[in-house]
Every structure is written in structure tokens, then in C-alpha cells.
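*Asks:* First, the structure itself, so that you have it in front of you.
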Amino acid sequence: MASKSCLRFFIFCLLFCCILPAGAAREDWARPFPGHRVIGNLYAVGSYDLAVFLITSDNGHILINTGLEDSVEMISENIRAVGFRLQDVKILLSQQSHWDHTAGLAEIKATTGALMLATPRDAQILEDGGYSDPHFGGQVSFKPIKVDGIVGDGEVIELGDLRLTVHEHPGHTEGSSSYSMSVRENGRDYQVVIANMGTINAGKKLLQGPTYPGVADDFASTYRRQKAMPVDVWVAAHGSQYGLHRKWQPGQPYNVSTFVDPEGFQAAIIVLEKRYLKQMAEERASMEVEQ
Ligand SMILES: [Zn+2]
């Protein structure tokens, strides 16, 4: 029902607008965007700013993230436009258990029968619809989804000829995760990373009454580990985070080098790390004043 979902979206915007990364606009979450091939068997099938990734294999597909609850039809059409079927998705993954990336998971699971896999720390939040989220919780913010299996750091998810490595990159949420794989195109291997970036939502506390215990160390280790990753091609949970609209415009033909951007990945991490260090210094200073 349009009116009900509009109201829900409005309430969500009031409560969660701080999830938005800098430079992104709220209407960009729901705005349709054409599905396109990123590299090899990786396709972007999400909205203008909420990234959804399809990774295809010879025995079904993996779908990462979903966007908003009302985005499922658009995702399905984008998958069809790049030559595949939503019904052939066998495994569902999320990068972070926040409403703007998870709200369609339950519906997609129900229609495809795909298995939902998640990191231990995000699994509970997915199963209670965001209620136990230490920052935005205390209410159900998306339709809960049953998690069928737990995946951990370094684990390799196998599906047909596809091998996808899980990287736990906590901080943004306690169970945030990135994924990596090697793609062979034009006779060479490309290291591809689907990164969950270490952005700090407004209101998050790192040191003083931390949003969850260990959050400051989690962000620090995520920046350190991401900087050390071998990367040729990278994408992230929001198009605006990985320069989607600078790199690719609708109608642009597939080219293996379109999303090759190792320097951009390093630069994006360094920007976020600087913001983190600034907030750490501010929180330390205010704790000293109070003592
Ligand atoms: Zn988030």
C-alpha cells in the first residue's frame, strides 16, 4: 500500500536520516537506477544510492544487500535487465544490519527460498528486525529475517564456480562485513572488493559511553585491515561512497577498467580514518574537561 509505505518512509527518514553518508540525498535511496555489469560476474542491481550486488555463478547467484522494502521489484527488474533471474538467487548476504540495506531481505528470501548468511554480530539484529541495534535499536525498523547460517572472517562462501571471501569489518555496525573475490577478465586476474566502509553515524559514541563496547578499536582495525587489502576494483554499500555516478553513466557500455580504482579505495579509507581520529580527539578532550 503506497500510503502506508510512504508514511513508514517518512518516519524512517526522521529517525534514521543520520545513516545517510555525506553528499547523499534521501530521495536517492529509492530512485531507480539501471542495473549494470561492474566486472566479470559482479553486477550492480540497486537504486541510485543504495547498492545491491548480484554475483553470478554456474549454479545460482549471490545477492548482497537489498535497499528499501519497496525496492524489491526494481531489484528484480535490474537483475532481469542484466540477463539473470531473481528466482535463481541461492544465497543472501548483507554488508551491515541497517534498515536501508536490509528491508527487502525477508521478501526476497520468501520468494526465492535463498539461504540468508550473516556474521555473528549482525545475525541477531537481522533476526529481530533492528531491535537490538545498539545505536538505532529499541524498535523494529525492518522486517525480521531468519538467518540460516553464520559466516566469519576469512570464510570462503562457495556456490558453483564462485568463491567469495568474507571479511569482518566492524565499526559501522558490530557485524559489518566486506567481501572479496578474484575475477579473470582479458587474461588477467582482478582483485575485487565489495567493501563496507567505516563511516561513523551521527550520534555514535566511540569512547565516552561507547555505542557498543570496543567500537573504537573495531573502527581502527577495520581501517588498518582495509588499507592492506589487495584491490583493483572496489564498490561499497552506497553508490556515493565509491563514486558510482562519476565512474558510470546509464547507457555506458561494459568496460573491464571502468571500476578499476585502487587509489580511490585508499583515499576513501583515509578520509574516514581522519574523521574517526578527529572524533576520538574531541571525545578525549571532553572527557578530560569533565574529570
Ligand atoms: Zn548504515
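The values are calculated or read from the model by the stated rules, or taken from the named source; none is laboratory data. Note that the coordinates shown come from a computational prediction; the quantities given were computed from them, not determined experimentally. FYI the Cβ positions are ideal-geometry reconstructions off the backbone, even for glycines, and counts take in every protein chain you see. Surface areas here come from the heavy atoms of the whole protein model, side chains and all, with no ligands, DNA or RNA. Shrake-Rupley method; radii C 1.70, N 1.55, O 1.52, S 1.80 Å.
*Asks:* From (1) open to solvent by less than 40 Å² (accessible area, probe 1.4 Å); (2) over 21 Å from Arg31 (Cβ atoms); (3) within 16 Å of the ligand (Cβ to nearest atom); (4) free of Cβ contacts under 8 Å to residues at least 60 places away in the same chain, pick out the condition that doesn't hold for Gly104.
*Replies:* (2)
*Asks:* Still on this structure, I have one more. Of the conditions (1) of a type in the set (A, V, I, L, M); (2) modelled with pLDDT under 95; (3) surrounded by 13 or more Cβ atoms within 10 Å (Cβ to Cβ), Met287 fails just one. Which one is it?
*Replies:* For Met287, the failing item is (3).
*Asks:* Follow-up question, since we're still on this one. If I filter segment 197-236 down to residues being open to solvent by 10 Å² or more (accessible area, probe 1.4 Å) and β-branched (Val, Ile, Thr), which single residue comes out as nearest to the ligand (Cβ to nearest atom)?
*Replies:* Per the criteria, the residue is Thr199.
*Asks:* Residue under question is Ser5, and the condition is that it be at pLDDT below 85 and away from the ligand (no atom under 16 Å from the Cβ); does it hold?
*Replies:* Criteria met by Ser5.
*Asks:* Looking at (1) of a type outside the set (Val, Ile, Thr); (2) within 16 Å of the ligand (Cβ to nearest atom); (3) surrounded by fewer than 20 Cβ atoms within 10 Å (Cβ to Cβ), which one does Arg80 not meet, given that it meets all the others?
*Replies:* Looking at each condition in turn, Arg80 falls short on (2).
*Asks:* Among the residues in segment 146-154, are any open to solvent by 60 Å² or more (accessible area, probe 1.4 Å), in contact with a strand residue (DSSP E or B) (Cβ under 7 Å, 6 or more places away or on another chain) and closer than 19 Å to Met229 by Cβ?
*Replies:* For segment 146-154, residues open to solvent by 60 Å² or more (accessible area, probe 1.4 Å), in contact with a strand residue (DSSP E or B) (Cβ under 7 Å, 6 or more places away or on another chain) and closer than 19 Å to Met229 by Cβ: present.
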